[in-house]
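Just below is one structure, and these are the notes that go with it.
The values are calculated or read from the model by the stated rules, or taken from the named source; none is laboratory data. In this text the structure is predicted, and so the values were computed from the model without any measurement. Cβ: placed from backbone, ideal geometry, glycine included. Neighbour counts: every protein chain shown.
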């Protein structure tokens, strides 16, 4: 009996023993830069503009908030790697959420001049709305507009499907289409009340957007939206930069991984905090109004010099 109890005690002690800690702890996310690109999540359709489309687009003019004129070519050569995001109209709540998530994902230390990557956002509404747009979204990303749609049409970014039940990507998970539409209508009234408000004043409501990567002025990857919720998800965009973004894209991807490794969690498909902030500001809560009064304007300096 005593021997059996001794055996049972030894077995119990062995089961509760804490395993030895290895001398070298594994790193869940490497801080160095050679992690393989996850190409399985990158869409097969790489919609690079044709040479003719690109030549026509590079000559088109875009404007910043102050009315300074640039060519699209100026933006594509602002740094070694350039990610151009075409948003829909300025009142599109889905695009506003996408810009907020982009802003959080790419803080200034991951962008030019700290790294070789520039991210520029181009809308299709009046330039006068850019200060309100960047201020309300608290974004440091430079914004421009092509109000005559010359750049979008040259790149064959045309109309997209807008309807209840349309296909959307992960960044709009758990977002009601009706709620998003109401937010956009509220923004349209709030931003232009007492000025020159008119329906569609933020840009054509059916105009699509998209994303294009340029390396040394050459387009290496592209995507055009099919629906109003079809921007490229940010986890996919990270892998696209790693594969098609040249050294600037790879360096940005390394930076994103380092930030996550250090505890700067940048969730892209379930960012509850960003969505709560987005909802609070859209609803005009007292907390959001207080923070809005105290923050700076948020209008970023353009990365390139305007045309004379």
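Things worth noting here:
- Pair list, Cβ < 7 Å and 6+ apart or interchain, from region 221-246 residues that are in contact (Cβ under 8 Å) with a residue 24 or more places away in the chain and at positive phi to residues that are outside any helix (DSSP H, G or I) and surrounded by 23 or more Cβ atoms within 10 Å (Cβ to Cβ): 246/81
- Within region 242-255, the residues that satisfy the criterion of being surrounded by fewer than 23 Cβ atoms within 10 Å (Cβ to Cβ) and touching a helix residue (DSSP H, G or I) at 6+ places or on another chain (Cβ under 7 Å) are 243, 250, 255.
- Qualifying residue in region 198-211 (condition: in contact with a strand residue (DSSP E or B) (Cβ under 6 Å, 6 or more places away or on another chain), surrounded by fewer than 16 Cβ atoms within 10 Å (Cβ to Cβ), at pLDDT below 85 and not in a helix (DSSP H, G or I)): no
- Residues in region 54-71 that are farther than 19 Å from residue 246 by Cβ and surrounded by 17 or more Cβ atoms within 10 Å (Cβ to Cβ): 56, 57, 60, 62, 63, 64, 65, 70, 71.
- When region 221-241 is filtered for residues that are part of a strand (DSSP E or B) and surrounded by fewer than 19 Cβ atoms within 10 Å (Cβ to Cβ), only 227 remains.
- Residue-level check: of (1) touching a helix residue (DSSP H, G or I) at 6+ places or on another chain (Cβ under 7 Å); (2) modelled with pLDDT under 90, residue 115 misses just (2).
- Where residue 247 falls short, out of the listed (1) part of a helix (DSSP H, G or I); (2) at pLDDT 95 or above: (2)
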